[in-house]
Amino acid sequence: MNTTIKILITIIFVIFSRGKSIAKEGNSADIEESNRKLAVYCMEILENRPDLEISHRINILRNECYSKNFIEHAPNIQGGREALFSIFKNRYKKYPELSMSIIRTASDGDLVWIHLHVKHTPESLGAAGVHIFRIKDGKIVEHWGVNQPVPKKSRNKNAMF
């Protein structure tokens, strides 16, 4: 095989290999964005849709958002999605004006982070939260979360949001 043909074969191989790499990166970005959108949608249903009947909200969460094999990592919530739904059923009744504002989101592979501000009533200062979701096959399969109350006065000039 002459040198020119070897060089052409190498160039073609590099071009096709690079094309596959770019396609994988694009596909990965698409999956990350799809996961991010799912997590945002599910948080909106979970925390921010008082216009929906409680049973309807829970059905959406059960059918569209949370896997049957959902794993909760918060130590104050029993395992499984039904325990989570039970807590929120009671929360919706106790705080009918519950609201949530998403401040920022990020995704990496199958993980999505959501930084948010939750308020039980419009007048309350609420709490800042960061939730991390692992998503598999279009459903939330794991959740980790941290929350802290919004203080009346901060010791610094930086905003929590």
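The values are calculated or read from the model by the stated rules, or taken from the named source; none is laboratory data. Quantities reported herein were computed from a predicted structural model and do not represent experimental measurements. Every residue, glycine among them, receives a Cβ derived from its backbone with ideal geometry; neighbour counts consider all protein chains shown.
Here are the numbers for the structure shown:
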{"quantity": "All positions within the stretch 14-72 that are modelled with pLDDT under 95, surrounded by 13 or more Cβ atoms within 10 Å (Cβ to Cβ) and among the polar types (S, T, N, Q)", "calculated": "48"}
{"quantity": "Counted residues, the stretch 109-125 - those being within 15 Å of residue 141 (Cα to Cα) and surrounded by fewer than 16 Cβ atoms within 10 Å (Cβ to Cβ)", "calculated": "2"}
{"quantity": "Residue under evaluation residue 91, criteria (1) in contact with a Leu (Cβ under 8 Å, 6 or more places away or on another chain); (2) closer than 20 Å to residue 75 by Cβ; (3) modelled with pLDDT of 95 or more, criterion not met", "calculated": "(3)"}
{"quantity": "Every residue from the stretch 47-65 that is assigned to a helix (DSSP H, G or I) and free of Cβ contacts under 8 Å to residues at least 12 places away in the same chain", "calculated": "55, 56, 59, 63"}
{"quantity": "Residue that is surrounded by the fewest Cβ atoms within 10 Å (Cβ to Cβ) [pool: residues in the stretch 73-107 that are among the hydrophobic types (A, V, I, L, M, F, W, C) and in a strand (DSSP E or B)]", "calculated": "106"}
{"quantity": "Meets criteria (in a loop (DSSP other than H, G, I, E, B) and of a type in the set (Lys, Arg)) for residue 68", "calculated": "no"}
